[in-house]
1. Semi-axes, largest first, in whole Å: what does sqrt of 5 times each Cα gyration tensor eigenvalue give for segment 69-218?
2. Is there a quick way to get the dipole size of segment 165-244? I mean about its Cα centre, with the Cβ of Lys and Arg at +1 and of Asp and Glu at -1; what is the value in debye to the nearest 20?
3. Can you give the Rg to Rh ratio of segment 70-116, both from alpha-carbon atoms, with Rh computed by the Kirkwood formula?
4. Measure nothing but the geometry: give the 0 to 90° angle between the long axis through the Cα atoms of 370-382 and the longest principal axis through the Cα atoms of the chain, rounded to 10°.
5. Over every pair of different alpha-carbon atoms in the chain, take the mean of 1/r and invert it; report that Kirkwood radius in Å.
6. Relative contact order for segment 31-107: what is it in percent, counting Cα pairs under 8 Å that are at least 6 residues apart?
7. Quick one: work out the % antiparallel among DSSP beta bridges in the chain, nearest 5.
8. Express in whole angstrom the spacing between the alpha-carbon centres of segment 348-370 and segment 98-164.
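A short reminder: the numbers here are calculations on the coordinates, not readings from a lab. None of these values were measured; they are calculated from a predicted model. Glycine gets a Cβ as well: all are built from the backbone with ideal geometry, and neighbour counts include every protein chain shown.
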Amino acid sequence: MPVMTTSIMSESEVRAAVARELPGVRADLERLVRIPGIAFEGFDHSHVERSAEAVAELLRGCGLDTKIVRSGGQPAVIGTRPAPPGAPTVLLYAHHDVQPVGDRSLWESDPFEPVERDGRLYGRGAADDKAGIMAHVAALRAFGDRLPVGVVLFVEGEEEYGSDSLERLLATHRDEIACDVIVIADSANWDIGVPALTTSLRGIVNCFVELRTLSQAVHSGMFGGPVPDALTALVRLLSTLHDDAGNVTVEGLVGREEASVDYPEDRFRAEAGLVEGGSLIGTGRITDRLWTKPALAILGVDAPATAEAPNALVPVAKAKLSVRLAPGDDPKRAYDALRAHLERHTPWGAQVTITFEHDGAPCVIDATGPMFDAARSAFRTAWDGTDPVDIGVGGSIPFIATFQELFPEAAILVTGVEDPHAGAHGPNESLHLGEFARVCLAEALLLAKVAEVGRQTG
Ligand code: BES
């Protein structure tokens with residue numbers, strides 16, 4: 001354990017220290033990106049183990065008392081360093097698992113071999129969320145033995161697969177993760193050059209629906225007409241999930257129009273990569289549709305591939321559905337509502353089987369008080385005077401709601417590591433390196449300010 005001194009680093013010392021650490025942080029980020037740790041079923045989980053070990057090594061290097069923990073699921077890493085007398089303890093959260101890469105042919109370079117192009121570092125997890133891990137490490141390295149707060153690093157290993165064992169894990173390690181403030185480095189900034197503080201996230205329910213109309217495939221000429229194929233039945237069912245305007249029709253889902261920021265439509269279309277002439281769906285402001293209303297998407301379909309499809313009626317077809325839940329909704333209630341809708345709208349007497357995959361609760365954060373002001377001030381400094389925007393996000397981090405239940409008093413600072421061009425979950429995910437330098441500086445400044453607020457209020 002390094003010797004703690006209480007001498008507070010000045011802003012310019014923090015800046016210089018972060019700048020000094022950045023090359024090493026970048027090299028370690030690249031090392032992490034080379035490990036394809038995917039927690040999804042069917043993937044080789046030995047890589048998730050390796051990735052947990054690599055993270056543990058980084059935390060040990062920062063002088064943290066570190067261990068790898070699990071509760072039936074994938075390994076998480078916990079690292080702790082006690083607070084100097086009178087200083088607050090801050091929990092720093094990130095996750096080390098990544099999403100699958102999808103169609104490799106759409107990647108311009110190997111997803112697990114990081115490369116820099118035009119100021120961005122490309123690779124799966126370069127942004128979501130290995131950049132989050134490294135922002136924490138950057139801040140710890142910058143302070144060295146002059147860290148002004150106590151820290152608990154919690155780096156999860158199955159966030160991208162629904163955090164199924166998280167509740168048990170947090171309950172088991174409740175005492176070790178107790179803290180006054182938490183920094184979740186797994187969200188997005190508002191734009192390149194504009195920081196953000198995330199104040200709400202949507203929840204999620206994923207499930208599969210399978211329809212069967214026949215015991216086996218039969219000749220489409222001999223039987224087509226009177227006999228329904230399962231794929232047509234599935235398409236009809238899926239088409240009942242939205243109205244003509246594109247609003248979700250599942251009864252009982254929560255949704256409100258209360259977002260406080262405008263997302264200019266042209267900018268949004270360009271960032272999404274919407275095709276020329278393509279319509280946006282749903283009604284209300286774009287930010288309402290993204291942040292405070294539900295969304296429903298079909299993520300995949302199992303049916304014969306077109307290249308191999310014979311002239312035969314498809315007996316069985318399956319879709320994977322994902323519902324994003326507005327803040328205030330409840331995943332269990334939402335799943336019941338979705339199941340009831342699917343059963344009620346299944347056409348033509350097809351046999352329907354609905355299987356739950358995973359869920360995560362939405363959350364709202366009351367971003368008022370001295371810790372949030374400290375975060376805003378740190379962001380403003382790191383972005384050379386640009387005020388941060390309070391945003392909601394449409395994505396989900398199940399950890400937050402679980403954590404809120406355990407520690408209702410802790411201030412939860414959800415910070416951005418991604419930018420709107422990061423391409424998280426898609427091909428060619430990347431991290432803007434210039435913004436990443438600001439993210440690292442912001443985190444170090446934030447810890448210094450949290451220490452200051454802690455001393456004043458504690
Ligand atoms: N970093 C994202 C959450 C996020 C998404 C923040 C968009 C800001 C904008 C996180 O790692 C993530 O992708 N979470 C999953 C959770 C799910 C599998 C339960 C998601 O949202 O799909």
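1. One finds semi-axes of 34, 23, 14 Å for segment 69-218.
2. Details: 5 positive and 10 negative charges, 78 e Å.
Approximately 380 debye in magnitude.
3. Rounded to two decimals, Rg over Rh is 1.19.
4. On a 0 to 90 degree scale, this one is about 90.
5. For the chain, the Kirkwood estimate is 23.3 Å.
6. 30
7. Expressed as a percentage, antiparallel bridges in the chain total about 70.
8. 25
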